[in-house]
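Have a look at the structure below, then the notes.
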Amino acid sequence: MKSFSVQNLLRDNIKNLVAYSSARSEFNGNASIFLDANENSIGSLVGGQYNRYPDPQQVQLKAELAKLKGVNPGQLFLGNGSDEAIDLLFRAFCNPSQDSVLYFPPTYGMYEIAARINNAVICEVPLDSNFQIDVQAAINEIQPSTKIIFICSPNNPTGNMIASERIEFLLNHFQGIVVVDEAYIDFSEKESWVSKLNQYPNLVVLQTLSKAWGLAGLRIGMAISSPEIIAVLNKIKYPYNISSAVQELAGKGIAQVAKKDEWIRELNKERELLISKLEQICFVKKVFPTDANFVLVRFLDADKVYEYLKETGIITRNRSGVLFCEDCLRITIGTSEENILLIKTLNNFQ
Ligand SMILES: *Cc1c(COP(=O)(O)O)cnc(C)c1O
């Protein structure tokens, strides 16, 4: 098997690309007069420094996040949500209508959407009956054209972690990019793959501020990987992809680690309580094990339950149409009051 090389894996047009050099990336010292970027010199209509372009490399925010994650800032890419990183990975590595991507349904829908937008060839290997990856089936599907494997752990919409031996097997036997999407890792007791980055040059971990950190509206997702892979994503991103307002607010958010940890403990406690209450409901067929801030629940008739809840003002995610999720709703863990109301409402269903 060929050994892993980012440069060999890259599309030629990306390898040969000379990145756009923005005014703010060409000058990064101290100055008092900025006449380099055609900004409005008079000021910002909303106060602050918003007449100025933001830091294209998000240096300060990355320094803080790198400390939190135990990596170097050069191992961090920040995007407008994790979805930006997913899209850029396709753009960097998959020649349209030629190179392929492998993922494991039922899983996060954006791998397929981003693949279709970028016209990558799609290869799907369904999860097994325990929602685990069938590694032998996966290996059998790998072609020379396979450039990226997406693994979601904890998996959305099923909630379970993918067994680490299976991920390890793929990391060892596939010489392309292995993405482990850890959007929900903060709700799990298990270890993040970030600690294994030094062992696996082909590993890209995706995390986000959208879930445990409570900052979905800011749109900050990150890719954590080798400096070589991160440099590629930085080279092809929009120059000013994270606004200054968002960089400032995200910095304030991630300074509150204790609060975030308290919320995680609270939500995880609520998760266990909600699961035990759901299991007592007679028209609930199965509550699937979860390491995330949601739970997949199989009902006798999910469409009916979904409509009933909707009419009472409670919106859940109907996953009935998704492979292996027949009659399943995905329910986010709410506040204590919301969960009590949900159970009360469900108990009044007939
Ligand atoms: C919510 C979620 C994300 C995060 O997306 P953002 O664009 O960062 O908000 C990523 N992956 C999965 C599987 C998710 O469920």
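Structure values in brief
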read-out	value
Helix-only [θ]222 nm of the chain, DSSP H runs n ≥ 4, -39500 (n - 2.57) each, per residue, nearest 500	-10500 deg cm²/dmol
For region 24-76, alpha-carbon Rg relative to the globular expectation (2.2 N^0.38 Å, N residues)	1.42
Pairs of lysine residues in region 215-350 - Cα separation under 25 Å, sequence separation of 8 or more or cross-chain	21
Average accessible area per residue (Å²) across the chain - probe 1.4 Å, nucleic acids and ligands excluded	49 Å²
Placed amide H near residue 52: partners under 5 Å, 5+ positions off or other chain	none
Percent accessible area from carbon and sulfur atoms, region 1-141, protein chains only, probe 1.4 Å	49 percent
Set of aspartates and glutamates with alpha-carbon distance to residue 196 below 18 Å, sequence-local pairs under 8 removed	165, 168, 181, 182, 186, 228
Largest-first principal axis extents, alpha carbons of region 192-254, Å	34, 27, 14
Virtual paramagnetic centre 7 Å along Cα→Cβ of residue 68, amide N under 19 Å, in region 256-288	256-268
Principal axis dimensions, largest first and in whole angstrom, of region 257-350 by Cα	41, 29, 22
Fraction of alpha-carbon pairs over 23 Å apart in region 1-129 - percent	56 percent
Rounded FRET efficiency, nearest 0.05, which uses the C-beta distance separating residue 139 from residue 314 and R0 of 41 Å	0.45
Amide H partners (placed H, <5 Å) of residue 285, local residues excluded	298, 299, 300
Globularity index of region 132-236, i.e. its alpha-carbon radius of gyration over 2.2 N^0.38 Å	1.09
Unit charges on C-beta of K, R, D, E only; dipole of region 221-350, Debye	180 debye
Carbon/sulfur fraction of accessible area - region 300-350, other protein chains in place, 1.4 Å, %	52 percent
Extent along principal axes [Cα atoms of region 278-331; Å; largest to smallest]	28, 26, 21
Stokes-Einstein diffusion coefficient of the chain, Kirkwood radius over Cα pairs, 37 °C, 0.692 mPa s, in µm²/s	150 µm²/s
Percent of C-alpha pairs per 5 Å bin, region 75-149, short to long	3, 16, 26, 21, 19, 12, 3, 0
The chain - Cys residues lacking any other Cys C-beta under 4.7 Å	94, 123, 152, 282
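The values are calculated or read from the model by the stated rules, or taken from the named source; none is laboratory data. Computed from a prediction, not measured in an experiment: that's the story for all the values here. All Cβ positions, glycine included, derive from the backbone under ideal geometry; neighbour counts span all protein chains shown. Side chains included, ligands, DNA and RNA excluded: accessible areas come from the protein's heavy atoms. Shrake-Rupley method; radii C 1.70, N 1.55, O 1.52, S 1.80 Å.
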